[in-house]
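Undergrad: Mind looking over this structure? Questions follow.
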Amino acid sequence: MKFAEFHVGQIIEAGPYVLAEDEMLQFADRYDPQWFHTDPDAAQGGPFGGLIASGWQTCGIAMRLIADHALAGSESFASPGIEYIKWPHPVRANDHLRVRAEVVEVRRARTRPMGILRWRWQLFNQENVEVLDLQATSLFALKD
């Protein structure tokens with residue numbers, strides 16, 4: 001989507017993305033090797049009753065869905081950051097994840113030809129349980 005296509009209150013939905021257990025384990029082994037992400041036996045007796053995905057992988061899945069369905073072909077070039085991020089419920093192997101993004105603010109920068117988009121991303125599993133909630137800012141290169 002082009003920057004001009006975004007408007008406050010707009011809802012963008014995409015998915016599902018099915019998270020395979022081997023993908024979840026590979027990510028955890030490489031980037032977040034905590035026992036509740038990597039050790040099925042130990043995780044079974046842990047507080048979540050089994051393996052859960054890394055929150056960082058959950059963010060990556062949301063980013064993939066947004067990149068494919070909202071940012072592809074856009075003028076997006078960076079993000080200055082995330083206002084907040086929450087993981088209210090765990091993600092498990094074989095979850096079917098979908099993203100819902102709501103546009104919160106759309107404006108042009110005063111000093112440069114740049115668009116600024118603030119939006120809230122929520123990721124839900126197949127039972128419509130929220131597993132990720134964040135608010136991000138995206139920057140778009142615009143022509144004068």
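Bear in mind that the values in this text are calculations on the coordinates, not laboratory data. These figures come from a predicted structure and were not determined experimentally. Every residue, glycine as well, gets a Cβ built from its backbone with ideal geometry; the counts of neighbours run over all protein chains shown.
Undergrad: Can you tell me the alpha carbon radius of gyration of the chain divided by the globular rule-of-thumb value 2.2 N^0.38 Å?
TA: Compared with the compact-globule rule of thumb, the chain sits at 1.17.
Undergrad: With each run of n ≥ 4 DSSP H residues scored as -39500 (n - 2.57), what mean residue ellipticity at 222 nm is computed for the chain after dividing by its residue count and rounding to the nearest 500 deg cm²/dmol? Working shown, then result.
TA: On the way: 4 runs with 32 residues, N = 144.
Value at 222 nm, helices only, nearest 500: -6000 deg cm²/dmol.
Undergrad: Please report the relative contact order for the chain, taking Cα pairs under 8 Å with a sequence separation of at least 6, and give it as a percent rounded to a whole number.
TA: Averaging sequence separation for qualifying contacts and normalising by length gives 30 percent for the chain.
Undergrad: Separate question: May I ask for the net charge around residue 129, where only other residues with Cβ less than 12 Å from the Cβ of residue 129 are counted and Lys, Arg are +1 while Asp, Glu are -1?
TA: -2
Undergrad: Tell me which residues come under 5 Å, amide H to amide H, from residue 19 once H is placed; ignore anything under 5 positions away on its chain.
TA: Correct list: 94, 95, 97.
Undergrad: Quick one: 3J(HN,Hα) in Hz for region 70-85, Karplus 6.51/-1.76/1.60 with θ = phi - 60°, rounded, Gly and Pro as x.
TA: Once θ is set to phi - 60°, the couplings for region 70-85 become 10, 9, 4, x, 8, 8, 4, 9, 5, 9, x, x, 10, 6, 7, 8 Hz.
Undergrad: What's the angle, to the nearest 10 degrees (0 to 90), between helix 55-66's Cα axis and the longest principal axis of the chain?
TA: 40
Undergrad: OK, next. List every residue whose amide H lies under 5 Å from the amide H of residue 91, counting only residues 5 or more places away in sequence or on a different chain, with H placed 1.01 Å from N in the peptide plane.
TA: Residues meeting the amide H criterion: 53.
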